[in-house]
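First up is the structure itself, then whatever we jot down about it.
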């Protein structure tokens, strides 16, 4: 590891790994870009009691930020706030795997990427 780079490991529920990675790696790439930490989720074969180790590589601050962003995804999944696109025949071909969060103030939904940007202090707030 490069000087100043630390490893931090914590676990997430196996069922949340797909959400953390996102379609085509969209969510995990955003977490890495936003936090400055590299995120490595170990293979399912290394899962222990339904939980998967996640290794973060970066400064202490970057690792903490990445952990917070991942925990947002896990908490949203566990609380059942997320919504997925409908799966009827009309929309199944054009639907994309975007997960939604409910904004408590406006009662509107926004994409996970938009919510991550909001958490990170972006001045823009994008809704779908």
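Here, each number is a calculation from the coordinates, and none is a lab measurement. In this text the structure is predicted, and so the values were computed from the model without any measurement. Please note: Cβ atoms are built from the backbone with ideal geometry, for glycine as well, and neighbour counts cover all protein chains shown.
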- request: Would you check which residues across segment 1-58 are buried (at least 17 other Cβ atoms within 10 Å of the Cβ), in a loop (DSSP other than H, G, I, E, B) and touching a strand residue (DSSP E or B) at 6+ places or on another chain (Cβ under 9 Å) and list them?
  value: 37
query: What are the residues in segment 11-34 that are free of Cβ contacts under 8 Å to residues at least 60 places away in the same chain and in contact with a helix residue (DSSP H, G or I) (Cβ under 6 Å, 6 or more places away or on another chain), if any?
result: 20, 21, 28
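Report whether or not residue 62 is part of a helix (DSSP H, G or I) and over 14 Å from the mean Cα position of the chain (by Cα). Break it down into steps so the answer makes sense when it comes.
Numbers: part of a helix (DSSP H, G or I): yes; over 14 Å from the mean Cα position of the chain (by Cα): yes.
Considered against the rule, which asks whether it is part of a helix (DSSP H, G or I) and over 14 Å from the mean Cα position of the chain (by Cα), residue 62 comes out as yes.
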